[in-house]
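The values are calculated or read from the model by the stated rules, or taken from the named source; none is laboratory data. Just so it is clear, the structure is predicted and the values come from calculations on it, not from any experiment. Using ideal geometry, Cβ is built from the backbone for each residue, glycine included, and neighbour counts are taken over all protein chains shown. Accessible surface is based on the protein model in full, side chains and every heavy atom, while ligands, DNA and RNA are left aside. Shrake-Rupley method; radii C 1.70, N 1.55, O 1.52, S 1.80 Å.
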Amino acid sequence: MTQVAERFMDLVKIMDELREKCPWDKKQTIETLRPLTIEETYELTDAITNNDWKGIKEELGDLMLHLLFYAKIGAEQNQFTLQEVLEGISEKLIYRHPHIYSPADCGIKVNNEEDVKKNWEQLKMREGKSSVLSGVPPGLPAVIKATRIQDKARQVGFEWDNKEDVWKKVEEEMEELHEAIAHNDKEHIEEEFGDVMFSLINYARFLQIDAEGALEKTNKKFISRFKLMEEAARSNNKNLADLSLAEMDAMWNDIKKQRTTS
């Protein structure tokens, strides 16, 4: 632990030196760092999706530097210090885990992770939150946001009993989408399509599947197979655009079989 603390302080010192001496680092603000932080976060999620532990380690370091950068700027602006940031998160974690840090006779007991989540949301409401959904960041990607909304609603009991009922809801929403399509009502089609997606994300939760992660893996799979199609076409001195849909479909199925059996 002492070595970890020493390495952490080494990084803090490097951040201080960069902010003082490097022309690029001296110019950065919280606004200019924001898009870079988002990029670093997505690079971390890519590494996680690929189960790339070397990449995860590297991206965690990059993100940690960004966190120290924000703390440094916050101190320069007399808004907060790194010490206050660390104290704040420590106090929050202790407060929101009374089953760990409170006396044994406090009356708060948990039997599983769901009990922990429910206690967490109840404690947040005591802190002055107006809604259990107020903690969902507006800027989250839609699939992740839908998952978080559903998970938070679950903590107050607004939840289906089983996955069979959830699937019935998916089928119901799909039928409503078909009806909207039949009436060629563009606005209604968009609404019902969104409902279908929201229901499928809910079903993914019941299957204990990360909907965002599953979709990203499908994206990567499609990209990989599509590139192989392009390579196959080039090997025959053709472009994909020169092929018919039937030819491309046959090529796609061949690649799919090869990837499945390899």
*Identify, from the list 116, 156, 143, the residue that is closer than 25 Å to residue 201 by Cα and touching a helix residue (DSSP H, G or I) at 6+ places or on another chain (Cβ under 6 Å).*
143
*asked:* I need a count of the residues in the stretch 134-172 that are over 25 Å from the mean Cα position of the chain (by Cα) and either part of a loop (DSSP other than H, G, I, E, B) or not basic (Lys, Arg) (or both).
replied: 5
*Residue in the stretch 93-100 that is over 26 Å from the mean Cα position of the chain (by Cα) and exposed (fewer than 11 other Cβ atoms within 10 Å of the Cβ) present*: no
_Here are the criteria: (1) touching a His at 6+ places or on another chain (Cβ under 6 Å); (2) closer than 24 Å to residue 136 by Cα; (3) of a type in the set (A, V, I, L, M). Tell me which single one residue 170 does not satisfy._
(1)
*Selected residue (only one of 5, 47, 71 is in a helix (DSSP H, G or I) and in contact with a Gly (Cβ under 8 Å, 6 or more places away or on another chain))*: 47
*Identify, please: which residue in the stretch 77-96 is in a loop (DSSP other than H, G, I, E, B) and free of Cβ contacts under 8 Å to residues at least 12 places away in the same chain and is, among those, nearest to residue 28 (Cα to Cα)?*
77
_Condition broken by residue 74, with the remaining ones in (1) open to solvent by less than 80 Å² (accessible area, probe 1.4 Å); (2) more than 30 Å from residue 25 (Cβ to Cβ); (3) not hydrophobic (A, V, I, L, M, F, W, C) satisfied_ = (2)
*the stretch 197-221, subset part of a helix (DSSP H, G or I) and of a type in the set (Val, Ile, Thr), residue nearest to residue 158 (Cα to Cα)*: 201
*Which members of the stretch 24-47 meet the condition of being open to solvent by less than 50 Å² (accessible area, probe 1.4 Å) and within 17 Å of the chain's Cα centre (by Cα)?*
37, 40, 44, 47
*Go through (1) modelled with pLDDT of 95 or more; (2) surrounded by 10 or more Cβ atoms within 10 Å (Cβ to Cβ); (3) within 25 Å of residue 219 (Cβ to Cβ) one by one and return the number of the condition residue 50 breaks.*
(1)
*Which ones in the stretch 101-116 are part of a helix (DSSP H, G or I), among the charged types (D, E, K, R) and surrounded by 10 or more Cβ atoms within 10 Å (Cβ to Cβ)?*
114, 115
*So which residues in the stretch 206-234 are open to solvent by 40 Å² or more (accessible area, probe 1.4 Å) and among the basic types (Lys, Arg), if there are any at all?*
217, 220, 221, 227, 234
